[in-house]
Every structure is written in C-alpha cells, then in structure tokens.
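Read through the structure below, which is laid out as structure tokens, and then see the notes.
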Amino acid sequence: MSTVALSTPTAAGRAGRPGFPGTGHRNLHRFLATGVLLVGALYCLLPVLWVFMAATRTREELFSSFSLAPGWNGGLWENLRDLNDYRGGEFWRWAANSVLYAGAGSVLSVLVSAAAGYALAVYRFPGRGAVFSAVLGAVLLPQVALAIPQYLFLSRIGLANTYWSVLLPGILSPYGIYLMRIYASSAIPSEMVEAARLDGARELRIFRSVALPTLVPGLVTVFLLQFVASWNNFLLPYVMLSDDRKYPMTVGLFTMLNQGANQPALYSLVIAGALLAVLPLVALFLFLQRFWSIDLVSGAVKS
Amino acid sequence: MPASPPRWYGARVPRIAPYAFLTPAVLLFLTFFAVPGGYAICISLRSAKVSGGGIGVREEQFVGPETYTRVLSDVEFWAGLGRMLAYAAIVVPVMLGLALLFALLLDSSVARARTFSRISIFLPYAVPGVVATLLWGFLYLPTTSPLTSLTDVMGTGTINLLCSKAIYFSVANVAVWGGTGFNMIILYTSLRSVPSEIYDAARIDGCGEWRMARSIKIPLLTPALVMTVLFSTIATLQVFNEPMTLRPLTTSISWTWMPMMKIYRDGFVNADPYTAAAGAVILACATLVLSLTALRLVQRRAFGEDR
C-alpha cells in the first residue's frame, strides 16, 4: 500500500513535467525554444552568408542588385584573380605571414605555458605563490593597452618592424599558463612523477615522456585559444610593422579597406580577401572541435 | 635548457628543476610585459621641450607628472571615456544575456536543432575582429546593404546604420556578434558538468524547465558568469579594432572616439610617444584597478583558492 502511495506522486510528476511529449504546452515550449536558437544561429551566419554571396558578384553587381543574392557572371573567379594580382600577389604573402605568426607563435606559446604550468602544479618551491599571483595578475592585464609600451620599448632596442616584434610578444600567455597549471594538477598525480623519479628518470625526461603525453587535451586547447588570438590580432602588428610585406592578413585587409575609401573597386578584393581569411579558421575549428576540451576553459572558471 | 638536477632518492623534491621550467616564461614576462611597462612609465614622465630662443632645439627632458595632468585635463579624453563606458554598458549585458539564454536553451531538453545552433553561434569566434567588422561594415553601408533593397521596396528611404546616432549600436553589434558564441560555450560546458541527479530530483519535485533554469542553473553558473563578465569587460574597455575598421566607411567615428584610438593617434599620427605612453599607462591602470575591485567585490572564490 505504501509503495503505491509513494509511486503515485512520482508517476504524476513525470507525466506532468513539461518534458513529456504530447502536451500542447510542451509543443509551444519546444517551438519557442527552437525558434530562439534558430534566430540566434541565423544572426551568426548572416554575415558569413553575405560574404559568400558578395564574393561571387562582379564589381558592378556589388553595388547594384540585392546583395544577399549570388552573382552568376563569373564574379568569384574575377575577384579571386584580381586579388591574386593585387600588387604582385601580396595577399598570399600576408596569408603566409599570418600562418607564420599564429602557427609558430602558438606552438612556442603552448610549450612555454606547459613548462610553466607543469612547474607550478608539480613542484613545491620557494616563490611558487609569488609566481602564481603574478600569473593571475597578468591575466587581468589589458593586452591591447600593452601593445603601445611594447612598441615603444622594441623600437628603442631596434626590434620594431621585424618579424620578431610580432612573434615574440605573443608567446607569453598568462591565461595559457593558468589553464595548464589547472590541467596539470588534475591530470598528473604526484605518484606518477615520484614513480618515474624512482625509476631514475631525470626531471626533463619526466616532463617530456610522462607529463606532455598526459597533457595533450590541455595542449590542444591552449594551442587553439592562442592560435585564434594571434590570427585575430590587429593592434600589435599594426603598430609594430611599417613594411607592408611583413603584414598579417588582418592588417593587410585593413589597409586595403582604407584605400577602398578612394577606390571603391578595391571593395570587391577586400570581400574576396575576407572570405579567404575566414575559411581556414572555420575549417580548423570544425576539424579540431572533437579534440579540444573547452571544458578546461570553463572548468578553470569553476575551480 | 633546464639544468640537470642532482640525483634524488625517494620522494625528495628537486630544487632547481621548477625554476628551470619557469625560466622561459619569466624571461618573456620580463622582456615583453614588465620592462615595456616600466619603460612606458619612464617615457610618460618625459617630454620633448623646445629650448633656446629663435629656432630652438627639441630635446627630451624629465618633466614629471606634467603629461598626466595634461591628458587628464583634456576634455576629449573624458568624452572618449564616457563613450567607452556607454559602449560597454551596451555590449557586456547584451552579449552575456544572449550567451546565457542560448546556453540555457542548449542545455534544456526542450529545444531542437541544438547541434546546428551551437556550431553556428560559435562560428563567429573563428572570424578575426577586423574581418567581422569589415563584413558588418558592408552590411551597414547603404550602397552594399541588403537592407537598402528592403527599404527601396517599402519606400521608407535609406536607413544609414553608420550615422552618428546609430553608430554605438552598430559597433556594439559587431562585438556582440563576435563574442556571444565563446561565452555561450563556456556557460554551456559549465552547465553540463552539473551532476544530472540534481535535475532529476528537481523534476521529480515537479520543477519545470523555466523554474529549473532560474532556481538551480543560474545560481550554479554564478562563478562562470563572474569570470565571463570580467573578461568581457576587460576586452570591451580596450575596444579598438571595430571602430578603427569602420572609420573608412563613416564620418561618425572621430580619431578620439574611444580612448585606445586617441592613444594610437597621439603616438602614431601626432608622433608624440610621451602622451601616448601616459594614456596607455592610465588606461592599463584603470582597467586593472576596475577588474581587481570587481573581482574582490563579487567573488573571492572565482579565481581559485588553489594558490
């Protein structure tokens, strides 16, 4: 008797919850919730959709017909060819520079962050608290405002307008160190390190052969965050570089747009360039989505 | 190259290795954070003075806090600061409100098309700020905007989204577009790490989705929300890329529209590194003080008791 009395409210609760299919209330909720999400998705896709369409339109079409419709007169080919010819293929140079700055910079950044995060997570040593406080403080530092002092200092020591001036300041990522420290302390138990030590492994060897393989999901996450940050970086290369052959894509497209104010013909090239700037990153993300653990980013937030 | 430590027996902790592992980070910190910061402070206390009568000779000399008083008494500086705060007051609540809404919808069992929506809303994160502004700029620009075709049909006359009244919202929209997805993913993954027994218990108690979001999910999200608000605010206070990229398309954005733009103009258009350095120091300190107080006020736990 008592079991029946107990189970009845439970069953009623299940049937009555809005998650049960078949009720009108539920359908309305589903419709509204799905609608809101789809409006959000559409809002986020709209500019990307527009750039796809606009890149297929010829210069004349760009300013005439409805601008969310594609062009059918070979506009895409024409725009890409013009972009390719722009100042003897300068756009491709910018693209290669972006790959260099973001690629090499992020790999180095991941290594530096992993080493520092590992040291903070695994060892107990004098000054550890001070270093970790410095890392936390540096996370809060406004990176953009720092670009001007970095320029003043690097131009003083004669490094401004070199590849190094864009590559080196981007390597240190306080947030990356913070994430690696959080990840290392949960992924590397101290028994593991001690066991390796007892086997006679030296510290560098333990880091390379025991710690790094364990840290891979964290490394991928920091790599992606850092890659996007430097691929998207604008102010630092914009102030550091005066030679346009060293520009990354963001600065290159910006200067093209600036000239476009007097030369509207350049707008078509800027649009084609924007399309080419977006594609690789979107592809990289869709591809790496399953490998990275954004849980880490939010996990760090919750700790 | 870390120095090889002496041999260790048992569980004794090595003394040199941690410092060796930290060396690259510390060197980079000193060279690209600490020293430039200190150098900027030095520069900001100096100025180029014209000495001697007639033609005069420009030479650099120590002037003390003179540059700071000049920057702080500049009307344009305060106007830019006001515009920046107005801009942040639009961007931060709208962006995080949308991020929270989408995260809750993705986490609820009600909505359909969740994977598609999640990926689509996250997509703008992969688009560089300059490129995003460029795309929206063309969508705003009356000659290339699809809105123009619409208003032509309706006969309402052209709407200029780049006029001085609409410009705050047009710039804010670019930032909201670019930042919502990343914050949504952070909030969404925090929600998913909540043990599902909590939700089951609430459902058994007859708790609906809306009630559950308000009474259980949002309180659980508070630490993540504090962090996202903090990081978004820091990013918003340094806004530069978006207005800078929109400038060629409109006359509504002046050189001093945002503090970061004024700093850039001082340093690179007016070739006055002293004023630029002072501006950068003021902006960095203001942001740092603001975020530290916010952090202390709202939540001491947010960053970790694990030091």
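Volume per residue of the convex hull around the Cα atoms, evaluated for region A:94-302, comes out as 147 Å³. Beyond 20 Å, the tail of the calculated P(r) for region B:15-155 holds 78 percent of the Cα pairs. Within 10 Å of the Cβ of each residue in A:75-87, the mean number of Cβ atoms contributed by other protein chains is 0. Separation of region A:124-157 from region A:158-177 is 12 Å, based on Cα centroids.
For chain B, list log₁₀ I(q)/I(0) at each q in 0.09 Å⁻¹, using the Debye formula over Cα point scatterers of equal strength and ignoring solvent, two decimals each. One equal scatterer on each Cα of chain B leads to -0.69.
Note on B:104-116: average number of Cβ atoms from other chains within 10 Å of each residue's Cβ is 5. The fewest-to-most ranking of B:209, A:78 by surrounding Cβ atoms within 10 Å reads A:78, B:209.
Comparing B:273, B:142, B:195, which has the greatest mean-square fluctuation in the GNM of chain B with Cα pairs linked when under 10 Å apart? It is B:195. Largest GNM mean-square fluctuation across B:252, B:193, B:120, computed for chain B with C-alpha springs under 10 Å, falls on B:193. Size check on region A:35-111: the Cα extents along the three principal axes, sorted descending, read 49, 44, 15 Å. Residues B:187, B:246 in ascending order of nearby Cβ atoms (within 10 Å, fewest first): B:246, B:187.
Reported to the nearest whole Å, the Cα centre-to-centre distance from region B:243-284 to region B:143-191 is 24.
Neighbouring Cβ atoms from other chains, within 10 Å of the Cβ of residues in B:217-230, number 2 on average.
For region B:106-170, the set of trypsin sites (Lys or Arg not before Pro) satisfying both a DSSP loop assignment and a count of at most 16 other C-beta atoms within 10 Å is given as B:112, B:165. Helices in chain A that qualify as membrane-span-like (whole DSSP H runs, Cα extent of at least 18 Å along the helix axis, mean Kyte-Doolittle hydropathy of -1.0 or higher) are A:2-16, A:24-55, A:90-122, A:143-156, A:174-187, A:216-232, A:266-288. Using only the Cα atoms, work out Rg/Rh for the protein assembly as shown, with Rh taken as the Kirkwood radius, to two decimals. Ratio of gyration radius to Kirkwood radius: 1.00. Mean separation of Cα pairs under 8 Å and 6 or more residues apart, divided by the residue count, gives chain A a relative contact order of 24 percent. Within the listed set A:129, A:117, A:35, the residue fluctuating most in the Gaussian network model of chain A (springs between alpha-carbon atoms under 10 angstrom) is A:35. In units of the rule-of-thumb radius 2.2 N^0.38 Å, region A:120-183 shows an alpha carbon radius of gyration of 1.36. Sorted ascending by nearby beta carbons within 10 Å, beginning with the fewest, A:44, B:42 become B:42, A:44. Take every Cα pair under 8 Å whose residues are at least 6 apart in sequence, average their separation, divide by the length of chain B, and the relative contact order is 24 percent.
Inter-label distance, residue A:212 to residue A:156: 3.6 nm, where each label sits 7 Å from its Cα along the C-beta direction.
The mean sequence distance of close C-alpha pairs (under 8 Å, at least 6 residues apart), as a share of the length of region A:23-84, puts its relative contact order at 27 percent.
Every number here is computed from the coordinates shown, using simple stated rules; none is lab data. From a predicted model like this one, the values you see are computed outputs, not experimental measurements. Cβ coordinates were reconstructed from backbone atoms using ideal geometry, including for glycine residues, and neighbour counts include every protein chain displayed.
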